[in-house]
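These notes are about the structure you will find just below.
Nothing in this text is a laboratory measurement; each read-out follows from the coordinates by a stated rule. This structure is a prediction, so every number in the text was calculated from the model and none was measured. No Cβ is skipped: glycine too gets one built from the backbone with ideal geometry, and neighbour counts run over all protein chains shown.
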Amino acid sequence: MGYLLVNLLAGADTTAITIRAFFWYCLHNQRVYKKLEKEILDAGFEDVASFSSARALPYLEACVREAMRMHPGVCMILERYVPDTGLTLPDGSFVPPGTAVGINPYVAGRNRGIYGQDADTYRPERWLQNEGETETAYKERMRLFNAADLTFGDGSRVCIGRHLAQLELYKIVATLINKYEISLVDPNAPWVVTGSWFPRQKGLECRLKKRE
């Protein structure tokens, strides 16, 4: 029963947390939302968006990645034990074998050295190729972004349900925006997030109107 509960919580809570964060950030930035809405409506989904079709939309991809960077579904330290060889940090400090070390995905996503000085700002365009940026430079920037992304953990303990979570996420948000006009009930309502293993969110209430 314990294993079943862990799998249920890990797969349900984290995906819902990410979807709420996605809509909170997008709806509080109408420039972003209008651009995203146009991209999805122009795609011409007839009913439920397929994963492959939704994932092929570059601005939707950027909005999702940015929401996961800003508000990961897990916001506590992901611990690992230092191997028998020990660990030498970039500054030369030595961490003895067996020491529990880790980093918080929420903190990693706000690394200004990687994501820029506006790392605390929701800006999906950071995931797109900049005007005048070479393909080589863009790929290198994305390599650094992806290496720092701990949304699903990393290494041998990476989330085994990450592909299912992405499938749910892309299909749900694309289908909702395609079928409904979505707005905030109260744009000034505070967004309250309580830190725990899964961040607890309050303050997002939306109004949905079926598109004609």
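With a ≥ b ≥ c taken as the square roots of the eigenvalues of the C-alpha gyration tensor of segment 102-165, please select rounded if a/c is under 1.5 and otherwise prolate if a/b is larger than b/c or oblate if it is not? Spell out each step's value before the answer.
On the way: a/c = 2.08, a/b = 1.53, b/c = 1.36.
In terms of gyration-tensor shape, prolate.
Which label belongs to the value computed from this structure, given these candidates for Rg/Rh (Cα atoms, Kirkwood Rh): (1) 1.27; (2) 1.22; (3) 0.99?
Looking at Rg/Rh (Cα atoms, Kirkwood Rh) for this model, the match is (3).
With r as the distance between the Cβ atoms of residue 138 and residue 201 and R0 = 41 Å, compute the FRET efficiency 1/(1 + (r/R0)^6) and round to 0.05. Intermediate values should be presented prior to the final figure.
Values: r = 33 Å, r/R0 = 0.79.
According to the calculation, E is roughly 0.80.
Relative to the longest principal Cα axis of the chain, at what angle does helix 135-148 sit, 0 to 90 degrees, rounded to 10?
Between the helix axis and the principal axis of the chain, the angle is about 70 degrees.
How big is the dipole moment of the chain about its Cα centre under a simple scheme where the beta carbon of each Lys and Arg is +1, that of each Asp and Glu is -1, and everything else is neutral? Debye, nearest 20, please.
Computed about the Cα centre, the dipole is about 360 debye.
Most fluctuating residue of 82, 107, 48 in a GNM of the chain with Cα springs under 10 Å: which is it?
Among 82, 107, 48, the largest GNM mean-square fluctuation belongs to 82.
From a point 7 Å beyond the Cα of residue 146 in the direction of its Cβ, which residues of segment 64-103 have a backbone N at a distance under 18 Å?
Answer for segment 64-103: 64-69.
Go ahead and run the numbers for FRET between residue 56 and residue 176, Cβ-Cβ distance against an R0 of 25 Å, rounding to 0.05.
Details: r = 18 Å, r/R0 = 0.71.
Computed FRET efficiency for residue 56 and residue 176: 0.90.
What ³J(HN,Hα) values, in whole Hz, does the Karplus curve 6.51 cos²θ - 1.76 cosθ + 1.60 give for segment 52-69 when θ = phi - 60°, with x put for Gly and Pro?
5, 5, 5, 5, 7, 7, x, 6, 4, 4, 5, 5, 5, 4, 5, 5, 5, 5
Applying a 10 Å radius around every beta-carbon, put 143-154, 90-101, 173-184 in order of their mean neighbour count, most first.
Numbers: 143-154: 16.1, 90-101: 9.1, 173-184: 17.7.
By packing density, highest mean first, the sequence is 173-184, 143-154, 90-101.
So if we plug the beta-carbon distance of residue 95 and residue 34 into 1/(1 + (r/R0)^6) with R0 = 30 Å, what FRET efficiency do we get, rounded to 0.05? List each step's numbers first, then the result.
Details: r = 48 Å, r/R0 = 1.60.
Plugging the Cβ-Cβ distance into 1/(1 + (r/R0)^6) gives 0.05.
With +1 on each Lys and Arg Cβ and -1 on each Asp and Glu Cβ, and nothing else charged, work out how big the dipole of segment 139-211 is about its Cα centre, in Debye to the nearest 20.
Working: 13 positive and 7 negative charges, 52 e Å.
Charge dipole, segment 139-211, about its Cα centre: 260 debye, nearest 20.
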